[in-house]
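What follows is one structure encoded as structure tokens, with my remarks underneath.
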Amino acid sequence: MNAHAGKNAPVLRNIQGNAACALGAIAAGCRFYAGYPITPSSEIAEKMAAELPKVGGTFIQMEDEIGSMAATIGASLGGVKAMTATSGPGFSLKQENLGYAAITETPCVIVNVMRGGPSTGMPTRPAQGDIMQARWGTHGDHPVIVLAPHTVREIYEETIRAFNLAEALRVPVVVLFDEIIGHLVETVELAQPAPEELTERKWATGPREEYLPYAAEEDMIPAMARPGDGYRAHTTGLTHDERGFPTQDPQKVTAFMDRLLGKLERHHDLIERNELVDTDDADVLILAIGTPARAAKSAIRELRAEGVKAGLFRPVTLWPFPAEAFRAVATGKKAVIVPEMNMGQLVLEAEQLAPEGVAIRGLNRYDGEAITPAMIVKAVKENVA
Amino acid sequence: MNEIRVTSADKFDIRDWLRTELMPHFMCPGCGHGIALRALLWACHELGIDKDKLAIVSGIGCSGRTGAYIDANTFHTTHGRPLAFATGLKLARPDLTVIVITGDGDSLAIGGNHLIHACRRNLDITCMMLNNEVYGMTGGQVSPTTSAQRYTTTTPAGNMEPVFDACRLAEGAGASFVGREATLQIPTLKDLLKEAIAHEGFSFVEVISDCTEIFGRKNALGSSPEMVLKQKKVMIPERSDNRIAQPFRPNPFPTGVFVRQERPEYGAAYRQMCERVQKGGKGR
Ligand SMILES: Cc1ncc(C[n+]2csc(CCOP(=O)(O)OP(=O)(O)O)c2C)c(N)n1
Ligand code: SF4
Ligand SMILES: [Mg+2]
């Protein structure tokens, strides 16, 4: 027998980004999917509809995206890992209940395959117009993690990581990529993660009388009550105290909000992930995610062949934005170029964090086409002098 | 043998079902929602439901706020969405008894889409809709069930929109159990809710409640008992023998069970399909 054969043996296959997302979810232990068809994300739903029954999971096509987000959270409240996927118009509709997941600290994964916007926009064209919505889409201060994979393989891996983070930190996690990567077919190895690589949420144990649903220890993550385990807990989207019941007591509200937002800061090391390409000696830095990051990698090779030193800083975890790491890498550079398929969103983050003397230059495309390596090469050359 | 045995353990004591530590509750004196809550818990008691396996999913409104007082697994969700949350919960956890508490605004206005699809899908969920003809929680605005000419804060000249008949809507959308009762007859309401919960499939129960404090006051409908007695005058009890049409009264509403139908429960059907797939079939 082949030494690599067996349950965890990697399988090499040609696969589309959206399908890799579905398979990553199943590999992560996702056993519930609720969605509503929308281009360019529908393949995720279709794959989940076919795959979930095989593993005893449940797929449901809901009446709209509000309902699919609600059903996803409902399943997770029941103790099952759950996901939904969509694109811009549906992502807008999901915001209402995404906030509910944030305040009730219900783990869930929301995939947004970005297309041109606003509104119905350009359904089949790629864009990155939801970078800010992914962070600030729902009302009120709220925690959310956004992962931004740039290859098919990374979609698979980051979808698994999305579930792990959601479970570990009891937070909604958005997986954000553009249409090009969603529909891109690449030859990849999809390794089944070992059980110890998968995170399960912390369930309440111990006597009911001592259980406080929203009390947390030093790790700031409260243990969740699984319905049926005898805790008979209350879950509400109203601001609540440690018992889980509504409160407007200023002290309790402050403590709750501090923990709700603070838990991401506390687990910063677990969340943050960046890719640095040739940054050390670079004169010009490129800050990019998704398709523009792919273009940046080709541009860097081309530029370096001509003796122009460029590097790439790619936040794989887009939000919370890796402020310190970015500042450290950007310090001393002549300029930071921010290529993005929108009218300037990621660039705002760079401008806010720009170290002294470093010029920040946006490079935008919003015509439904991809940012090309040539565009980046040109922009770098203009800024290297 | 024909004997009735009552043991004290069988006796319904609402305090066994409430989170008494949360008392006093928020409801205004005379609010019909509290009576509906009592009937619901009484029904659960008589059905012998295990509180640990009971999930109450509620929306936003005075109706939705009642859920928090129940000593069970309670989920107070978002406005209009409790049925969608309950759909995910029930599919993920078929072992739970899932009951949704919603209001007329919650289920017929903002949540109308979720309601019709929940009726159509026929998951084993019981939906108790507390119809008080008004948006109680937000201070008394018009709702899809506000009767003609009634005054609300957003219909200062009297309501001019036609009303929704929620039971006919549920029936048309395919609910396999549909019934309506007023808070006037608590044992009858309890029996209706019992049947609804025991029914395998989607059950829709409309409870004619009353918002004494806001709606009643604005329309000079009197105290809570007076409001309920006024309701009685326009009720047409479907189940009683002396069923009489009362065409001379405004907005008469029939009560009783309107639909009682055996139809495949969606969750069970889905799980059977999964088993076929796992055995190597196509699931068809
Ligand atoms: C999305 C959203 N819109 C509006 C509201 C404000 N709101 C809270 S309760 C309510 C109406 C509730 O009416 P109903 O469902 O009839 O319940 P009742 O209070 O009468 O029992 C509204 C509009 C909200 N909470 N969320
Ligand atoms: S406002 Fe109306 S519906 Fe709300 S508790 Fe008071 S009486 Fe009941
Ligand atoms: Mg109402």
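Structure note, pairs B:90/B:279; A:333/A:378; B:190/B:233; A:94/B:53; A:54/B:282; B:11/B:232: Cα-Cα distances above 19 angstrom occur for B:90/B:279; B:190/B:233; A:94/B:53; B:11/B:232. Adding -39500 (n - 2.57) for every DSSP H run of four residues or longer, then dividing by how many residues chain A holds, sets the calculated 222 nm ellipticity at -11500 deg cm²/dmol. Rounded to the nearest 0.05, what FRET efficiency do residue A:359 and residue A:187 have when you use their Cβ-Cβ distance and R0 = 51 Å? About 0.85, to the nearest 0.05. Within the protein assembly as shown, antiparallel bridges make up roughly 25 percent of the DSSP beta bridges whose residues both belong there. For segment A:275-381, the direction-averaged projected area of the alpha-carbon convex hull comes to 5.8 nm². Rounded to the nearest 20, the size of the Cβ-charge dipole of chain A about its Cα centre is 560 debye, with Lys and Arg at +1 and Asp and Glu at -1.
Using C-alpha pairs under 8 Å with a sequence gap of at least 6, the mean separation divided by the residue count of segment A:275-381 gives a relative contact order of 32 percent. Here's how it looks for residue B:236: its modeled amide H is under 5 Å from those of B:253, B:255, which are all 5 or more places away or on a different chain.
In this rough spin-label picture, where each label sits 7 Å from Cα along the Cβ direction, the residue A:252-residue B:141 distance is 2.8 nm. A cut-off of 5 Å between modelled amide H atoms, ignoring neighbours fewer than 5 places along the same chain, links residue A:360 with A:336. Charge dipole of chain B (Cα centre as origin; +1 on each Lys and Arg Cβ, -1 on each Asp and Glu Cβ, all else neutral): 580 debye, rounded to the nearest 20. When DSSP beta bridges are restricted to pairs lying wholly in segment A:11-197, around 25% turn out antiparallel. Modelled this way, with points 7 Å down the Cα-to-C-beta line, the labels at residue B:261 and residue B:46 are 2.6 nm from one another. For a Förster distance of 51 Å, can you work out the FRET efficiency between the beta-carbons of residue B:23 and residue A:301, rounded to the nearest 0.05? E(calc), rounded to 0.05, equals 0.15. Scanning chain B for long hydrophobic helices, with DSSP H runs required to stretch 30 angstrom or more by C-alpha along their axis and to average at least 1.6 on the Kyte-Doolittle scale, returns nothing. Considering only A:79, A:192, A:257, and ranking their Cα positions along the charge dipole of chain A that arises from unit charges at the beta-carbon of Lys, Arg, Asp and Glu, the one farthest toward the positive end is A:192. Around the Cα centre of segment A:11-197, unit charges on the Cβ atoms of Lys, Arg, Asp and Glu (plus for the first two, minus for the last two) sum to a dipole of about 120 debye. Taking all Cα pairs closer than 8 Å and separated by 6 or more residues, the relative contact order of segment A:208-269 comes to 28 percent. Within segment A:32-135, DSSP assigns beta bridges of which about 15% are antiparallel (rounded to the nearest 5). Find how many whole Å separate the alpha carbon centroid of segment A:253-301 from the alpha carbon centroid of segment B:135-173. First find each Cα centre; the distance between them is then 51 Å. Helical runs assigned H by DSSP (4 residues or longer) give chain B a calculated mean residue ellipticity at 222 nm of -9000 deg cm²/dmol, each run adding -39500 (n - 2.57) before division by the residue total. Projecting label points 7 angstrom from Cα along Cα→Cβ for residue A:328 and residue B:276 puts them 5.7 nm apart.
Every number here is computed from the coordinates shown, using simple stated rules; none is lab data. Treat the numbers as computed from the prediction; the structure is a model and nothing was measured. When we count neighbours, we look across all protein chains shown, and the Cβ atoms used for this are built from the backbone with ideal geometry, even at glycine.
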